[in-house]
Amino acid sequence: MATDGSGIRSVEDVRRDVVGVLTRFRRGRTMPFSFGDAGVPEAVLLTYDQFEDLGGESKFERRAGVVAAQTVADELASMVSAIRAGSFAPVVWGDDGAPEAVIMSTSQYRQLRGDDEPPPGTIDDPTHRVYATEPLPTSRAMTLDEIAEMMGPEAVKDLQELRRADDEIP
């Protein structure tokens, strides 16, 4: 699929290649990806398995049924228009009525993953987020005993039993 230089596929590129998207999803070769016009991520495509694993069925009221790839190709422009208007329910689609992929807004994808929304006006591709991983200034190293204490008396007991068993090994 072509992009406009931003790395974001256009709505038209995705519309022309919905069958190819399903093929790549089936082969496990494509991670969720954003697409939209003018280089701005507006929608996300992901596998149905990913959607289901993240609790999507319980988090969202989605379009009823499973639509065919041809329906996605025919309606994708109007789907993205509904996303822009803020009135879009995720769409599950695939071949032969089997759920294989999901289209949702970038905001819905953030909700699905439990991510924060970016500050207003920030163009953010939620499929390529980078998270700060350095320790906070108040972070400190913890011992295994401290972690067990945080987990409760049962964890402390289990840790003591493991240590006793380890001491018995010649």
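The values are calculated or read from the model by the stated rules, or taken from the named source; none is laboratory data. These figures come from a predicted structure and were not determined experimentally. Glycine also receives a Cβ, built like all others from the backbone with ideal geometry; neighbour counts cover every protein chain displayed. For the accessible areas, the whole protein counts, side chains as well, though only heavy atoms, and no ligand, DNA or RNA atoms are used. Shrake-Rupley method; radii C 1.70, N 1.55, O 1.52, S 1.80 Å.
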May I ask you to list the residues in the stretch 1-39 that are modelled with pLDDT of 90 or more, touching a helix residue (DSSP H, G or I) at 6+ places or on another chain (Cβ under 6 Å) and open to solvent by 30 Å² or more (accessible area, probe 1.4 Å)? 15, 19, 37
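Within the stretch 82-101, track down each residue that is under 13 Å from residue 42 (Cβ atoms) and open to solvent by less than 60 Å² (accessible area, probe 1.4 Å). Steps first, please.
Taking the stretch 82-101 as the starting set, the residues that turn out to be under 13 Å from residue 42 (Cβ atoms) are 82-86, 88.
Selection gives 82, 83, 88.
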Hey, does the stretch 45-65 have a residue that's in a loop (DSSP other than H, G, I, E, B), touching a residue at least 24 places away in the same chain (Cβ under 8 Å), among the small types (Gly, Ala, Ser) and open to solvent by less than 60 Å² (accessible area, probe 1.4 Å)? yes
Give the stretch 36-85 a look and list any residue that's within 14 Å of residue 110 (Cβ to Cβ) and more than 19 Å from the chain's Cα centre (by Cα), or say none. none
Scan the stretch 130-149 and tell me whether some residue there is in a helix (DSSP H, G or I) and either exposed (fewer than 10 other Cβ atoms within 10 Å of the Cβ) or among the small types (Gly, Ala, Ser) (or both). yes
